[in-house]
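S.K.: Have a look at this one before I ask anything.
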Amino acid sequence: MFLSSVSPRQWAKGAVVALLAFGGLGTVSALWNNPLFMRMTPAGGWEIGLLGALSMPFGLYVAIRRPACADATAGVGGVLGFLGVACPVCNKILLLLFGGELLLTYFEPVRLYVAAAGTAILAVAVVLEWRRGLLLTVAPDRMARPVSRETI
């Protein structure tokens, strides 16, 4: 099985990335009081849970990722997840693009859904990466040569 072929070092690397993602993104989005960042809108109870749910697939993706492959799906999921847990008014890029009133009126009510969608997209990236790795460990010779009509 593919997951058993992942080295303990890769699992440790994934755990470190998950912890750093949780701590770093939570600090930047000011989900807890810290001297670096201040949140303009109050954080509810779901943000920390969604951040934890986002951090776990980050770590798992890093643990099972093959170095030669990159997946934009993981990046999109991570960005959407971060935008969902972060304070919309504190995000200067969003504030410049859309304005504070628009963000609070339209983005704030759906912000948690954006975080959940980002987490789901990142989970899909983990499943896709796991399946690709499983295919390579099960049939590496089928991946190396092109498929012809005779082999089908």
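The values are calculated or read from the model by the stated rules, or taken from the named source; none is laboratory data. Just so it is clear, the model here is predicted, and its values are computed rather than measured. Counting neighbours? That spans all protein chains shown, and the Cβs are built from the backbone with ideal geometry, glycine included.
S.K.: May I ask you to list the residues in the range 33-48 that are loosely packed, with under 13 Cβ neighbours inside 10 Å and either under 20 Å from the mean Cα position of the chain (by Cα) or aromatic (Phe, Trp, Tyr) (or both)?
M.R.: GLY45, the sole residue that qualifies.
S.K.: Quick check on this structure: which one of THR105, THR119, THR41 is modelled with pLDDT under 85 and out of contact with any strand residue (DSSP E or B) (no Cβ under 7 Å at 6 or more places or on another chain)?
M.R.: Going through THR105, THR119, THR41 in turn, just one is modelled with pLDDT under 85 and out of contact with any strand residue (DSSP E or B) (no Cβ under 7 Å at 6 or more places or on another chain): THR41.
S.K.: Of all residues in the range 47-63 being small (Gly, Ala, Ser) and touching a Gly at 6+ places or on another chain (Cβ under 7 Å), which is nearest to TRP32 (Cα to Cα)?
M.R.: The selected residue is GLY59.
S.K.: Also, I was wondering about something else. Report whether or not LEU80 is at pLDDT 80 or above, surrounded by 14 or more Cβ atoms within 10 Å (Cβ to Cβ) and not charged (D, E, K, R).
M.R.: yes
S.K.: Note down all Cβ pairs under 8 Å where the first residue falls in the range 78-105 and is under 26 Å from MET56 (Cα atoms), the second is acidic (Asp, Glu) and part of a helix (DSSP H, G or I), and they're at least six residues apart or on different chains.
M.R.: VAL85/GLU47; PRO88/GLU108
S.K.: Looking at ILE93, is it touching a Ser or Thr at 6+ places or on another chain (Cβ under 7 Å) and either in a helix (DSSP H, G or I) or of a type outside the set (A, V, I, L, M) (or both)?
M.R.: no
S.K.: Residues VAL79, VAL17, VAL28: which one is over 21 Å from VAL114 (Cβ atoms) and among the β-branched types (Val, Ile, Thr)?
M.R.: Just one listed residue meets the conditions, VAL17.
S.K.: Now, a different point. Report yes if ALA15 is at negative phi, assigned to a helix (DSSP H, G or I), buried (at least 17 other Cβ atoms within 10 Å of the Cβ) and out of contact with any Leu (no Cβ under 7 Å at 6 or more places or on another chain), otherwise no.
M.R.: In short, no.
S.K.: Need pairs with beta-carbon distance below 9 Å; first residue within 18 Å of ARG39 (Cα to Cα) and within the range 8-27, second of a type in the set (Asp, Glu) and surrounded by 13 or more Cβ atoms within 10 Å (Cβ to Cβ); sequence gap 6+ or separate chains.
M.R.: GLY26/GLU47
S.K.: Looking at ALA74, ALA63, ALA21, which one is in a helix (DSSP H, G or I), at pLDDT below 85, among the aliphatic types (A, V, I, L, M) and crowded, with 17+ Cβ neighbours inside 10 Å?
M.R.: ALA74
S.K.: So ARG65 fits all but one of (1) charged (D, E, K, R); (2) without any contact (Cβ under 8 Å) to a residue 12 or more places away in the chain; (3) within 24 Å of TRP130 (Cα to Cα); what number is the exception?
M.R.: For ARG65, the failing item is (2).
S.K.: Within the range 92-114, can you find the residues that are touching a Phe, Trp or Tyr at 6+ places or on another chain (Cβ under 9 Å) and not aromatic (Phe, Trp, Tyr)?
M.R.: LEU94, LEU112, VAL114, listed by residue number.
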